[in-house]
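Comments concern the structure below.
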Amino acid sequence: MKDLFVNPWKESAHGRSPDLPPYLVIIDALDEIDDQGGSKFLKDLLTMVNAGELHGLKFLVTSRPDPGLAALCKSFSTDAVCRLFDVAEEEIKGDITKYLQAELPMLKAQPRFAEL
C-alpha cells in the first residue's frame with residue numbers, strides 16, 4: 001500500500017496547491033481480487049487513511065456483495081456506504097440517462113439511445 005499510494009502521494013506533495021479540492025481515486029471491482037484479497041486491500045487502505053497518510057485523497061470503492069468487505073464497511077458511517085441494490089432501479093436508470101445525455105450528447109439522436 002505504501003508503494004502504491006502513500007509514497008507517490010507524499011512525493012508529489014510539494015507540487016500540489018493546498019487550495020485544490022481532494023482528488024478522487026476510484027477502485028473498481030474489489031471483489032474480483034483472488035483469495036479475499038479485496039478485504040485485505042480495503043483493510044490496508046483504511047489503515048493508511050486513518051493514519052492520515054493519504055490526506056487530500058477521497059476513495060470510491062466498488063464491489064459486488066462480499067461478506068468480508070461488508071464486515072469492514074460496517075465500521076463506516078451510514079452515509080459513507082451506498083449499496084446499489086438498495087437504490088431504486090428507476091433512480092439508477094435516471095442517473096445513467098442524465099450522465100449519458102450530458103457527456104455523450106451526440107448519441108441522443110441515435111435510435112438505440114433509449115436502450116442504453
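Annotations
- Any hit, the range 81-93, residues being in a helix (DSSP H, G or I), touching a helix residue (DSSP H, G or I) at 6+ places or on another chain (Cβ under 9 Å) and of a type in the set (F, W, Y): no
- Residues in the range 1-42 that are in contact with a Gly (Cβ under 9 Å, 6 or more places away or on another chain) and basic (K, R): R16, K40.
- Selection of the range 45-71 for residues being open to solvent by less than 50 Å² (accessible area, probe 1.4 Å), touching a strand residue (DSSP E or B) at 6+ places or on another chain (Cβ under 9 Å) and not hydrophobic (A, V, I, L, M, F, W, C) yields G56, T62.
- Residue count for the range 76-100, restricted to those that are of a type in the set (S, T, Y), modelled with pLDDT under 80 and surrounded by 10 or more Cβ atoms within 10 Å (Cβ to Cβ): 0.
- Residue in the range 5-15 that is touching a strand residue (DSSP E or B) at 6+ places or on another chain (Cβ under 9 Å), surrounded by 12 or more Cβ atoms within 10 Å (Cβ to Cβ) and not charged (D, E, K, R) present: yes
- Hits in the range 19-44 (condition: part of a loop (DSSP other than H, G, I, E, B) and surrounded by fewer than 14 Cβ atoms within 10 Å (Cβ to Cβ)): D19, L20, P21, P22, D28, A29, D34, D35, Q36
The values are calculated or read from the model by the stated rules, or taken from the named source; none is laboratory data. Predicted model only: the values in this text are computed from it and were never measured. Glycine also receives a Cβ, built like all others from the backbone with ideal geometry; neighbour counts cover every protein chain displayed. Just so you know, the surface numbers come from the protein's heavy atoms only, side chains and all, with ligands and any DNA or RNA stripped out. Shrake-Rupley method; radii C 1.70, N 1.55, O 1.52, S 1.80 Å.
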